[in-house]
Amino acid sequence: MDHQEVLRLFDRQARREVAPDHPGVRVENTGTVVRQSGGPDDWNGVVYSDVDEATADAVIAEQVRHYGALGVEFEWKTYTHDAPADLGERLMRAGFVADEPESLMIAEVAGLSTQVELADGLHLVDAVDEAGIELAARVHDEAFGTDNTRLKQQLLERLAHDPDSFVMTLAMAGDRPVSAARIEFTPGSDFAGLWGGGTVAEFRGRGIYRALVAHRTRLAIARGIRYLQVDAMPTSRPILERLGFEQLSVTTPYIWKP
């Protein structure tokens, strides 16, 4: 894989040409940033910036004013290949707090396995209705120890208004959901994103994460997707590397609160 060429394509398709992640929010390209804006229960933030050492501070201040006027928290999602090199330091000086960095992992779909292998008693099922989304949110609550009410509402909105934009898949132990993950699609993009992958503690280490990647690879092939992208935590990065993903950058979210 030509890392620089794929990064250029990723920046264009997945960042500069990004679509709203659900109804009710807007995406704007101001010329210096691409940002999504909505209400307090939406994801608000900067997904791409075109700044340098001379312009960065003024553009950062403008985003603080923009989201401050909306009265919402927002995230500036940076990558190590973004300019200027000290962008993160400038954000922190402006009052942002750095969250945990994640590895940008990308793989060509053609090189990934589609073989789903699960232990006896486990099977995968795609969530196609409100009940399935409810189960997925419940699994994420248990697996990650977080409240996923906001995510559930956003996914329900997308299921109602844009059901082709994602597929949520559940791993089931009999009738019990024990893991959930989704793949997200953007019309006209060569990339699809893999998100979630949370498994409840007692079912970890049984190959469920690998099976969910293989299943979603099948879904990507059916849509003609060329690349899969994951923002990987340290726990999932080694698994993804063994499956054929490569690290192309590191992404760090910087959070500003009113």
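The values are calculated or read from the model by the stated rules, or taken from the named source; none is laboratory data. Everything numeric here is computed off the predicted structure, so don't read it as measured data. No Cβ is skipped: glycine too gets one built from the backbone with ideal geometry, and neighbour counts run over all protein chains shown. For accessibility, only protein heavy atoms count, side chains too; no ligands or nucleic acids. Shrake-Rupley method; radii C 1.70, N 1.55, O 1.52, S 1.80 Å.
Key figures
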{"item": "Span-rule helices in the chain, defined as complete DSSP H runs reaching 15 Å or more along the axis (Cα) with Kyte mean at least -1.0", "result": "56-70, 130-144, 149-161, 208-222"}
{"item": "Descending principal axes extents, the chain, alpha-carbon based, whole Å", "result": "59, 39, 32"}
{"item": "Net length gained if the chain between residue 62 and residue 5 were fully extended (0.36 nm per residue, minus Cα distance)", "result": "17.4 nm"}
{"item": "Alpha-carbon gyration tensor eigenvalues x 5, square-rooted, for segment 1-116, Å", "result": "27, 19, 13"}
{"item": "Cα radius of gyration and Dmax for segment 84-230 (Å)", "result": "16.7, 53"}
{"item": "Part-to-part distance (alpha-carbon centres) for segment 63-85 and segment 143-201, which is given in Å", "result": "25"}
{"item": "Kirkwood hydrodynamic radius over Cα pairs of segment 29-86, then Stokes diffusion coefficient at 20 °C and 1.002 mPa s, in µm²/s", "result": "182"}
{"item": "Cα→Cβ-extended label distance, 7 Å offset, between residue 250 and residue 156, nm", "result": "3.9"}
{"item": "Helical contribution to [θ] at 222 nm, DSSP H n ≥ 4, -39,500 (n - 2.57), averaged over the chain, rounded to 500", "result": "-9500 deg cm²/dmol"}
{"item": "With all protein chains modelled, accessible area of residue 223 [1.4 Å, Å²]", "result": "110"}
{"item": "For segment 7-50: rounded, prolate or oblate by the Cα gyration tensor [a/c cutoff 1.5]", "result": "prolate"}
{"item": "Solvent-accessible area, 1.4 Å probe, carbon plus sulfur percent, for segment 170-258", "result": "49"}
{"item": "Whole-percent carbon and sulfur share, accessible surface of segment 61-136, 1.4 Å", "result": "48"}
{"item": "Accessible area of the chain divided out per residue, in Å², using a probe of 1.4 angstrom", "result": "48"}
{"item": "Residue with peak Gaussian network fluctuation, the chain [Cα springs, cutoff 10 Å], from 139, 125, 230", "result": "125"}
{"item": "Rg(Cα) / (2.2 N^0.38 Å) computed for segment 88-147, rounded to two decimals", "result": "1.79"}
{"item": "Separation of the residue 30 and residue 128 label points, Cα + 7 Å toward Cβ, nm", "result": "4.4"}
{"item": "Extension reserve of the residue 138-residue 80 stretch, reckoned as 0.36 nm per residue once the Cα distance is removed", "result": "17.5 nm"}
